[in-house]
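The values are calculated or read from the model by the stated rules, or taken from the named source; none is laboratory data. No experiment lies behind these values; they were computed from the predicted model shown. Neighbour counts are summed over all protein chains in view; Cβ atoms, including those assigned to glycine, are modelled from backbone coordinates with ideal geometry.
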Amino acid sequence: MNNELQNLIDLFLKILHLYSIIGRKPKDYGTGDLLYFTELHTITMVAKNKEINMTQLAEIMGVTKGAISQTIRKLVDKNLIHKSNINNRKEINLKLSEKGMIVYKSQESFQKEIFTFAGTLYEKALPADIDMVGRLFHAIAENMQERVKAL
């Protein structure tokens with residue numbers, strides 16, 4: 001393997017490692033509840049996808065129904081998400097509670113920071129660079145999804 005490719009792989013693995021550190025450290029987003037990154041991401045996806053059900057949420061997040069069910073149970077116990085059955089006992093729709101909205105609004109500032117950082121890089125990039133990074137991210141996501149399915 002050439003050095004340039006090895007350096008890129010090492011950098012990618014470093015990013016994954018740093019991401020996992022962030023994901024393991026719970027944080028309070030203004031409600032007194034300590035939330036892990038997965039819980040925060042779940043709250044964000046519920047807020048952005050009104051009337052979403054558990055199956056749809058699992059698909060969007062790229063996780064199993066069992067995993068999303070566990071996360072939702074924790075968030076319901078913390079009174080951050082409400083579950084409701086509409087027209088069908090099997091289909092459970094999700095929505096944020098008032099407390100969940102506090103968390104969502106609190107994390108929006110963090111999202112804006114990320115968007116500002118990414119936007120600065122985006123403005124400096126050539127269209128071909130943006131296209132290549134997009135294809136790379138899609139390929140990595142597909143590969144990771146396959147690895148998750150194989151677990």
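Observations on the structure shown:
- Taking every residue in the range 14-32 that is within 15 Å of Lys74 (Cβ to Cβ) and pairing it with any residue that is surrounded by 12 or more Cβ atoms within 10 Å (Cβ to Cβ) and of a type in the set (Val, Ile, Thr), at least 6 positions away or on another chain, the pairs with Cβ-Cβ distances below 7 Å are Gly23/Thr38; Tyr29/Val103; Thr31/Ile102; Thr31/Val103.
- Residue within the range 93-105 that is in a helix (DSSP H, G or I), out of contact with any helix residue (DSSP H, G or I) (no Cβ under 9 Å at 6 or more places or on another chain) and of a type outside the set (Lys, Arg) present: yes
- When the range 70-100 is limited to residues that are over 16 Å from Lys27 (Cα atoms), hydrophobic (A, V, I, L, M, F, W, C) and within 19 Å of the chain's Cα centre (by Cα), the one that is surrounded by the fewest Cβ atoms within 10 Å (Cβ to Cβ) turns out to be Val76.
- Selection from the range 101-115 of residues that are aliphatic (A, V, I, L, M) and either more than 14 Å from the chain's Cα centre (by Cα) or modelled with pLDDT of 90 or more (or both): Met101, Ile102, Val103
- Picking from residues in the range 48-69 that are under 12 Å from the mean Cα position of the chain (by Cα) and closer than 18 Å to Ile92 by Cα, the one that is modelled with the lowest pLDDT is Val63.
- Note on the range 42-69: among residues that are among the small types (Gly, Ala, Ser) and under 16 Å from Gly23 (Cβ atoms), the one that is surrounded by the most Cβ atoms within 10 Å (Cβ to Cβ) is Ala67.
- Scanning the range 11-49 for residues that are more than 16 Å from Ile102 (Cβ to Cβ) and among the hydrophobic types (A, V, I, L, M, F, W, C) returns Leu11, Phe12, Leu13, Ile15, Leu16, Leu18, Ile21, Ile22, Phe37, Met45.
- Cross-chain or 6+ apart pairs with Cβ under 8 Å, the range 131-151 first and free of Cβ contacts under 8 Å to residues at least 12 places away in the same chain, then among the aliphatic types (A, V, I, L, M): Val133/Ala125
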